[in-house]
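Peer 1: Here's a structure for you.
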Amino acid sequence: MVRIKKKDQSFLLLVLCLFFVMCESHNLNYTKYKQVSNMRLERIQRHLDRINKPPLFTIQSPDGDIIDCVHKRKQPAFDHPLLKNHKIQKIPPEIPKLKTSVKTDVMISRDVVSNNSKSAVVDWQLWHQNGTRCPAGTVPIRRSEVHDVLRAKSLYDFGKKKRHGLPIARRVDAPDVVSGNGHEHAIAYTGGSEEIYGAKATINVWEPSIEVVNEFSLSQIWVLSGSFDGSDLNSIEAGWQVSPELYGDSRPRLFTYWTSDSYQATGCYNLLCSGFVQTNSRIAIGAAISPVSSVEGSQYDVTILIWKDPKLGNWWMVFGDNTLVGYWPAELFTHLAERATMVEWGGEIVNSRANGEHTSTQMGSGHFGDDGFRKASYFRNLEIVDSDNSLSSAQDISILAENTNCYNIKNAYSSEWGSHFYYGGPGRNPQCN
């Protein structure tokens, strides 16, 4: 365990960044040099002082992350104007149960040729590996630093998804699936008119390669409501992502996101703005996940559940079987204050066409969905929460991929995995235009 004074560290970073910005990431050697003005650095530092709350304890992760243990009442959520008088929900919500019991685990190692699972007890986030934990009454928050902000297009863009452009033609019943701004997807979805109160899935974890620093590859659940063509779309999202721009490396990381206005002004990734209320002292949102799957080797997956507490109306997130991570207060939303109308599961990448051709950024494992288990990435046990706070296997699943020569998806159903699919792809290849 290493204690690091925030002021000393920030001063050193300010001095260094006056001359250059250097990004060196895990499995990605990307370095850019540029001049940064004192005025911009001062603005960045003021922003960091707002979101990096004073820690009671600090943990140095082996991957370079600094995890601040912040008193739960001092976390960024309560800077939100709608949450000034918000009281942390102390009574745990009732976690939805599957009508037909199916066993899932926080992290599962699949070492056999068949799809039978073997449970594995693992320290699934890298910062756990030295055995140090945050004290009771605190929450672990990944510290943001000057160079994190400098990798973003601007201070305003730091920690935010870029609003997707609307394509010329798209399916009305498949929201948030757009090829504008280079975003490409391979997803399964359900809804459009249903009353949905949550969603769950178990997601295979890989470490896809990223071609350039401002691209990403993610695998996630979207819980959606509102107008898909307007400015009032509400979305709650969680999964894993590789984003060198956001994190400075190419490791897969647990992430969350929310917006109540179609990704315009509200919401952000993780705890990079006010909104999400964390209650768990062992899970750091934005921290790296380890171990990861390998082709023809062990397969690891994580289970995520997002659902609306029927009593208080907050949207909770569970990791694994019963690990409550925290919640998005109902006050943050308009349409989702009542319910969701659609759920999406799947992968998304950014194709920036940096060299005038399609990116080689991988989705999932980098293999097409046709390649199946231990090669292609998967989502399994797709489930929906109904108005009775019960889970049931998702029915009437539709699938969509904009460019199946680059990334595709193959869905199926089985007694063990319920509704599931394999998805992904390598990006640039002779057939991918």
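The values are calculated or read from the model by the stated rules, or taken from the named source; none is laboratory data. Model, not experiment: these values are computed from the prediction. The accessibility values were calculated without ligands, DNA or RNA, using every heavy atom of the protein model including side chains. Shrake-Rupley method; radii C 1.70, N 1.55, O 1.52, S 1.80 Å.
Peer 1: Ignoring everything but the protein chains, give the 1.4 Å probe accessible area of Thr334 in square angstrom, nearest 10.
Peer 2: Estimated to the nearest 10 Å², Thr334 gives 80 Å².
Peer 1: Another question about this same structure. Got a number for carbon plus sulfur as a percent of region 289-433's accessible area, 1.4 Å probe?
Peer 2: Reported share for carbon and sulfur atoms: 43 percent.
Peer 1: Here's a follow-up. Skip the ligands, DNA and RNA, and give the accessible area per residue of region 190-245 with a 1.4 Å probe, whole Å².
Peer 2: 22 Å²
Peer 1: Another question, if that's okay. On the full set of protein chains, 1.4 Å probe, figure out the accessible area of Glu338 and give it in Å² to the nearest 10.
Peer 2: Probe radius 1.4 Å; accessible area of Glu338 about 120 Å².
Peer 1: Ok, one more. Could you sort Lys72, Lys90, Lys308, Lys160 by their accessible area in this structure, using a 1.4 Å probe and putting the largest first?
Peer 2: I get Lys90, Lys72, Lys160, Lys308, largest accessible area first.
Peer 1: Moving on to the next point. Say the cut-off is 28 Å between C-alpha atoms; which of Lys87/Lys153; Lys87/Lys160; Lys72/Lys161; Lys87/Lys162; Lys53/Lys162; Lys53/Lys87 go over it?
Peer 2: Beyond 28 Å between Cα atoms: Lys87/Lys153; Lys87/Lys162.
Peer 1: Per residue of region 375-387, in order, report the coupling 6.51 cos²θ - 1.76 cosθ + 1.60 (Karplus, θ = phi - 60°) as ³J(HN,Hα) in whole Hz, putting x for Gly and Pro.
Peer 2: Karplus values, whole Hz, x for Gly and Pro: 10, 8, 6, 9, 10, 10, 6, 5, 9, 10, 9, 9, 5.
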